[in-house]
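S.K.: The structure follows.
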Amino acid sequence: MQQRPTLGAQSPPRPATARDFPRLAACLGRAFETDPVLRWLIPGAADRRRRAPRFYADVLNHLAPGATILTTDGHAGVALWLAPRSPRPGWSAEVRYGLRMLANLRGRALHGLRLVGEIEAAHPRTRHWYLSLLGIEPLCQGRGLGSLLMQPVLQHCDREGLPAYLESSKEENIPFYRRHGFAVVGEVRVAGGPTLWPMLRPPRR
């Protein structure tokens, strides 16, 4: 049985390692259980609770070689960032990842591919840091942990004069990101699927 973090399990952000991934995948599964994108890809609630940790474990393992992944000692949250022009997985890794997604998403895998295509098409063409995932344990939300996990990379962006970019999959989360300097720059839509709001943060002086 997966150990869940305690409510007070907030330590300074630290880089995650592969040993953290099982607990972080479980955390992301719970954090995104009601997320519109995950609900669209895995519609049944019980099915989603069972399959989501495996889905996020595949994402973490696939992106880890080129990602900055931050968590806390209590595994209460995770932020996954991709640096400007971070190395892409090789062809064989992409194929293996695609097969795992096909097995996990089953009949919804093509929906996922279409959505990924629209998301990638909306990305800025200039150099930027991309917040691919930010997930916080439901019992730990609203305690500042999401802000804490974003700060190291946002501060780096400010020092280097680089923008940061993300997609909000919930409209109600937009004010949270706005408080950190992000602004909505469009919408991403897929036929029959949810709307995502791309947000860009210029560097602060």
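The values are calculated or read from the model by the stated rules, or taken from the named source; none is laboratory data. All values derive from a computational prediction rather than experimental measurement. Don't worry about glycine lacking a Cβ; one is built from the backbone with ideal geometry, like all the others, and counts go over all protein chains shown.
S.K.: Is it true that some residue in segment 95-117 is surrounded by fewer than 16 Cβ atoms within 10 Å (Cβ to Cβ), touching a helix residue (DSSP H, G or I) at 6+ places or on another chain (Cβ under 9 Å), farther than 22 Å from residue 34 by Cβ and of a type in the set (Gly, Ala, Ser)?
M.R.: Scanning segment 95-117 turns up at least one residue that is surrounded by fewer than 16 Cβ atoms within 10 Å (Cβ to Cβ), touching a helix residue (DSSP H, G or I) at 6+ places or on another chain (Cβ under 9 Å), farther than 22 Å from residue 34 by Cβ and of a type in the set (Gly, Ala, Ser).
S.K.: Taking segment 41-90 as the search range and keeping residues that are over 20 Å from residue 136 (Cβ atoms) and of a type in the set (S, T, N, Q), which one is modelled with the lowest pLDDT?
M.R.: If we take residues in segment 41-90 being over 20 Å from residue 136 (Cβ atoms) and of a type in the set (S, T, N, Q), then 86 is modelled with the lowest pLDDT.
S.K.: For residue 177, indicate whether it is in contact with a Leu (Cβ under 8 Å, 6 or more places away or on another chain), aromatic (Phe, Trp, Tyr) and farther than 21 Å from residue 56 by Cα.
M.R.: It is true that residue 177 is in contact with a Leu (Cβ under 8 Å, 6 or more places away or on another chain), aromatic (Phe, Trp, Tyr) and farther than 21 Å from residue 56 by Cα.
S.K.: Then there is this: Within the group 131, 102, 113, which residue is of a type in the set (A, V, I, L, M) and either assigned to a strand (DSSP E or B) or in contact (Cβ under 8 Å) with a residue 24 or more places away in the chain (or both)?
M.R.: 131
S.K.: Please find, among 141, 151, the residue that is under 17 Å from the mean Cα position of the chain (by Cα), surrounded by fewer than 18 Cβ atoms within 10 Å (Cβ to Cβ) and under 16 Å from residue 32 (Cβ atoms).
M.R.: Working: 151 fails: under 16 Å from residue 32 (Cβ atoms).
Going through 141, 151 in turn, just one is under 17 Å from the mean Cα position of the chain (by Cα), surrounded by fewer than 18 Cβ atoms within 10 Å (Cβ to Cβ) and under 16 Å from residue 32 (Cβ atoms): 141.
S.K.: Would you check if residue 28 is aliphatic (A, V, I, L, M) and assigned to a helix (DSSP H, G or I)?
M.R.: Criteria met by residue 28.
S.K.: State whether the residues of segment 10-22 include one that is modelled with pLDDT under 90 and in contact with a Gly (Cβ under 8 Å, 6 or more places away or on another chain).
M.R.: Yes, the conditions are met somewhere in segment 10-22.
S.K.: Here's a follow-up. Show the residue pairs meeting these rules: Cβ distance below 7 Å; 6+ apart or different chains; first residue within segment 135-147 and over 12 Å from residue 78 (Cβ atoms); second residue hydrophobic (A, V, I, L, M, F, W, C).
M.R.: 138/31; 139/7
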